[in-house]
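Here the structure is laid out as structure tokens; the discussion comes afterwards.
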Amino acid sequence: MEIYAHILETLGNTPLVRLDRYCPDGATVAAKIESFNPGGSVKDRIGLALIEAGEQAGLLQPGGTIVEPTSGNTGLGLAMVAVLKGYRMVCTAADKIPAEKVALLKAFGAEVHLCPTSVEADDPRSYYKVAERIRDEEGAYLPYQYYNQANPEAHYRTTGPEIWRQTDGQITHWVVGMGTGGTISGTAKFLKEQNPDVRVVGVDTVGSVYAYYSQHGELPPAEEIHQYKIDGIGEDFLPETVWWDYIDDVVTIDDPTAYRAVFDLAQSEAIFTGSSGGAAVVGAKQVAAEAADDALIVTLLPDSGERCLSKLNEDWMRSQGLLDAN
């Protein structure tokens, strides 16, 4: 009988889909659709890896507590594993995350602490520092996806090999959003080990640090680091889970462009992704425009736009000035 022992056995092997209607000219662009994972996002891939790393290091005991700062998706990936393994799950999150993600976390039994978005990463009110406080006060295990090398290593073991197999080794460009940096880094390492000529391009947001750092080797001036509306990518500091040796370039996409791309993709390919996925396909399209016609550009759509409908709608976008921008 084809019956899985538990839901995590359905993880990975997500489909790769051509985007010929969204990118009709020149090089081929294909997207790996991570909403097919059991928890609906790419972060399912690291949930199990982060928890197993804590168990192996003796940092997580049976019946223990896990706490993690998250934009929603990693928290859900961890919460799924916590349900199956009997752990308590606590998530801290910036208050800008969609209400749907908060509801999802709570549906899986996670405790959610919303923290102000408009504070520095080292402010005690930030969702990073609140998670650290809970770790210290309650003796919880903090996987910390921004520093834990099990994050990119999970993609080295799964996402990279899947893409190599699905493209018959013909991939020429790997173009993907940069949040913690785990997805781009682990996948890039595997792909470049198979073919060093694979070009790896990160997709960043305006107001984040990655694009500037990739060009100058240092953080941007403070006045260039600011808030943005795209969820799930960009940072105001440098996580240790970015493996810069495998990243060739970083492009920047602004908020209005990313949000418009969400609907362009839905209405051309019938694929509905979130704002970070919108940024990723715009970045891939830009790379494709400059690549040879026989190039194969692979990008990744981290999740579905369904968990962001409180933002991916005309009223909210118009209130934020996203529909009126040119």
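The values are calculated or read from the model by the stated rules, or taken from the named source; none is laboratory data. It should be emphasised that the depicted structure is a prediction, and the values quoted were computed from it without experimental measurement. Every residue, glycine among them, receives a Cβ derived from its backbone with ideal geometry; neighbour counts consider all protein chains shown.
A few points about this structure:
- Scanning the range 140-150 for residues that are buried (at least 21 other Cβ atoms within 10 Å of the Cβ), over 24 Å from I51 (Cβ atoms) and either at pLDDT 95 or above or among the acidic types (D, E) (or both) turns up nothing.
- Cβ-Cβ under 7 Å pairs, at least 6 apart or on other chains, the range 114-126 side modelled with pLDDT under 90, far side of a type in the set (A, V, I, L, M, F, W, C): T117/A94; A121/F237
- Residue match in the range 108-130 (condition: small (G, A, S), in contact with a helix residue (DSSP H, G or I) (Cβ under 9 Å, 6 or more places away or on another chain) and over 22 Å from T183 (Cα atoms)): yes
- Counting only strands (runs of 3 or more DSSP E) that fall entirely inside the range 1-108 and contain at least 2 residues that are assigned by TED's automatic domain parsing to the domain that holds D123 and crowded, with 16+ Cβ neighbours inside 10 Å, the qualifying elements are 65-69, 88-94.
- The range 177-197 - residue that is among the hydrophobic types (A, V, I, L, M, F, W, C) and crowded, with 24+ Cβ neighbours inside 10 Å and, of those, farthest from P256 (Cα to Cα): L191
- Out of L16, L50, L84, one residue alone is over 20 Å from Y156 (Cα atoms) and among the hydrophobic types (A, V, I, L, M, F, W, C). It is L84.
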